[in-house]
Each structure stands twice: as structure tokens, then as C-alpha cells.
1. Going by the structure shown, is GLY181 assigned by TED's automatic domain parsing to the domain that holds GLY293, out of contact with any helix residue (DSSP H, G or I) (no Cβ under 7 Å at 6 or more places or on another chain) and in a helix (DSSP H, G or I)?
2. Would a scan of region 137-154 turn up a residue that is part of a helix (DSSP H, G or I), buried (at least 20 other Cβ atoms within 10 Å of the Cβ) and in contact with a Gly (Cβ under 6 Å, 6 or more places away or on another chain)?
3. Which residue, of ALA246, ALA221, ALA227, ALA199, is surrounded by fewer than 16 Cβ atoms within 10 Å (Cβ to Cβ), in contact (Cβ under 8 Å) with a residue 40 or more places away in the chain, touching a Ser or Thr at 6+ places or on another chain (Cβ under 9 Å) and among the hydrophobic types (A, V, I, L, M, F, W, C)?
4. Taking the conditions exactly as written (surrounded by fewer than 16 Cβ atoms within 10 Å (Cβ to Cβ), out of contact with any Lys or Arg (no Cβ under 7 Å at 6 or more places or on another chain) and among the hydroxyl-bearing types (Ser, Thr, Tyr)), does SER235 satisfy them or not?
5. Do we have any residue at all in region 189-208 that's of a type in the set (A, V, I, L, M, F, W, C) and in a helix (DSSP H, G or I)?
6. Working only within region 212-262, note down all residues that are closer than 16 Å to VAL161 by Cβ and assigned to a helix (DSSP H, G or I).
7. With the requirement that a residue be assigned to a loop (DSSP other than H, G, I, E, B), more than 22 Å from TYR169 (Cα to Cα) and out of contact with any helix residue (DSSP H, G or I) (no Cβ under 7 Å at 6 or more places or on another chain), what does region 34-73 give you?
Amino acid sequence: MRKIGLVDFDTSHVVQFTKRLNHLGIDEDQWVDGGAVVMGYPGESRVSPERIPGFTEELKEMGVQIVDSPVDMIGHVDAVFIESNEGNLHLDHAKPFLEAGLPLFIDKPFAATTAQARAIADLAAQHSMPVFSASSLRYTETVMEVQASLADEGGAVGAFVHSPGSEHYANPGLLNYGIHGVEVLFSLMGPGCQEVWSARTDGADHVTGLWDGGRLGTVRAIRSGSAGYGLTVYSDKRTVTTSIDASNNYRNLLREIMKMLDSGTPPLAIEETIEIISFIEAAYRSTQNGGAGTKLESAS
């Protein structure tokens, strides 16, 4: 049984993941085997500081040992989940654990900039450690079933995804919550986005990317009006439109993390994760430039 450490408690994921891995306070069909959360560092937060005390108490009640510094977990855990809501913190948090030879799951957003994302990837490669980052929306049954059907139909020729898009100054643009929609878009379109155009109002961001082969993919990050998660995907054979059922998303994501810890191979190529951050960064620059077409750094 792998011992897992958690870093930063400003997201409900720390509680939800612990319930599933430690088989506590949740239906048995949500349990995930292969690891247990044993230690954690509450940290600080610019995004949701008010959530940390309550989540810390919940984790204590589930038997998780609380430490005074993240590095106090080194030597006592087999893997670390970096859970900070703020992407800017992830490179600094990842560095000591990768140097200590610990595999990482880094919750969304993987990083705040393409440069930071590449730096994490370089550290992981230097120390031959697997690193994985993803929105749990990527591993809903809805998205995985549509992905599987696309594989039999020659892939997507285009897609439109909508998701909530709340903002925070510490996670500019789509980094904060719109990243869920971006992750789903990439799960349908795959990597290979070259350029984006972004339109923004107080109520939404509407970002269209140009993929290889002239394919277009769009994400709408919604702040006003009905939101929720949904997709429309186009193949050569049909069009599929559906809402996204996220009822098993945490369980399914944790299963992918456990597979990585078993195999040493992340379920998602780090290059695609870097491209997702580059897409978000380019979309933000496009917004600042009146919607002008903006190349992705990863495509330059």
C-alpha cells in the first residue's frame, strides 16, 4: 500500500481524494485501491484561504498526520499530490519532491505559465520521475465514451465545449475554472493546437483554437447564466451533443493516478499538459490584445 502525502488544503479535492483512497465516509463503489493518504501540509492560499482550517480538521479526523513543512513528508511517503489551487505555486512545491525521487500528481492548473510547465517537465525528466496533471472532467464516463467512439470514426474534425468559468486574480483567464473546459476540449481534439482567438465579456470567455489539419475547437467558459458542463463534437460520420455526467470523476481520476504509480508512466503525455497551459496563456494574451490571433508558445 503506497503512502501518499498531500500539499495545500485550499481545495475540496484533498477531502474527496482521501475519502476514496482511505475508504472512509463514502460509498464502496467510489473506493480506489493502491494507496492511502497518510500525511499532509495545509499550506496557505490566495485563492481560498478560508477553506484550509475546515479541511485540515476533516483530514485529521480521517487519521492524516499534519506536518509543519512540505519537505517533512520526504522519507515518509511514496508519492505526493500537490493540490494548491494556485498554479504559480506548483513549480516550487514540485522541485524538492522530484529531487527526492517521488512521483507527483499536480492538480489543475499544472502551472501558471508555459515556462513554469516546461520547468516542471524538465525536472521530472532529469530525475526520471513520472508527473501527471489533469482535470477530473477528462476522466468522466461521458468524455471517455465519446473519446472511444471518435477513435473508431477517424477522430474529431471539430468540437465545442462549455464549462463554468469563474475567475481569480491569482489564476488569470481560464486557469482558474475554465481549465476544466479546456481539458475536455483537448481530450476530444488531441494536441496540436497552433493559434487561438479569444473574445471576452463579463459573462463569459469564448476561445477558439486552430488545430493541425484546419480543425477548429472552441471552449466557452461561463460566468453568467446557466453553466454546467457539456460538449458537441464533430467527426466525419456524425455530430454528438451531450451534457457531462461528473458523478464518478474523482474515482476515475484516482484510478489513473494509481496506474501511473504502478507503471511509472503517466496516463497523459506531459507535452499535452504543457500545450494546455500554453493554450490558456495564449487565450489570455489574445484577450488583452482585443481578440487578435495568438500563437501558442508550444507551437512556436
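1. On the way: assigned by TED's automatic domain parsing to the domain that holds GLY293: yes; out of contact with any helix residue (DSSP H, G or I) (no Cβ under 7 Å at 6 or more places or on another chain): yes; in a helix (DSSP H, G or I): yes.
Against the criterion (assigned by TED's automatic domain parsing to the domain that holds GLY293, out of contact with any helix residue (DSSP H, G or I) (no Cβ under 7 Å at 6 or more places or on another chain) and in a helix (DSSP H, G or I)), GLY181 qualifies.
2. no
3. Numbers: ALA246 fails: surrounded by fewer than 16 Cβ atoms within 10 Å (Cβ to Cβ); ALA221 fails: surrounded by fewer than 16 Cβ atoms within 10 Å (Cβ to Cβ); ALA227 fails: surrounded by fewer than 16 Cβ atoms within 10 Å (Cβ to Cβ).
Every option except ALA199 fails the conditions.
4. Values: surrounded by fewer than 16 Cβ atoms within 10 Å (Cβ to Cβ): no; out of contact with any Lys or Arg (no Cβ under 7 Å at 6 or more places or on another chain): yes; among the hydroxyl-bearing types (Ser, Thr, Tyr): yes.
No.
5. The initial filter retains those residues of region 189-208 that are of a type in the set (A, V, I, L, M, F, W, C), namely 189, 193, 196-197, 199, 204, 207.
Then keep just the ones that are in a helix (DSSP H, G or I); that gives 189.
Yes, region 189-208 has at least one match.
6. ASN249
7. Start the filter on region 34-73 by keeping residues that are assigned to a loop (DSSP other than H, G, I, E, B), which leaves 34, 42-48, 62-64, 67-69.
Adding the requirement that they be more than 22 Å from TYR169 (Cα to Cα) leaves 34, 62-64, 67-69.
Across region 34-73, the qualifying residues are GLY63, ASP68, SER69.
Yes/no per residue for (1) within 14 Å of ARG118 (Cβ to Cβ); (2) part of a loop (DSSP other than H, G, I, E, B):
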residue: PRO267; (1), (2): no, yes
residue: SER278; (1), (2): yes, no
residue: THR287; (1), (2): no, no
residue: ALA292; (1), (2): no, yes
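The values are calculated or read from the model by the stated rules, or taken from the named source; none is laboratory data. It should be emphasised that the depicted structure is a prediction, and the values quoted were computed from it without experimental measurement. Using ideal geometry, Cβ is built from the backbone for each residue, glycine included, and neighbour counts are taken over all protein chains shown.
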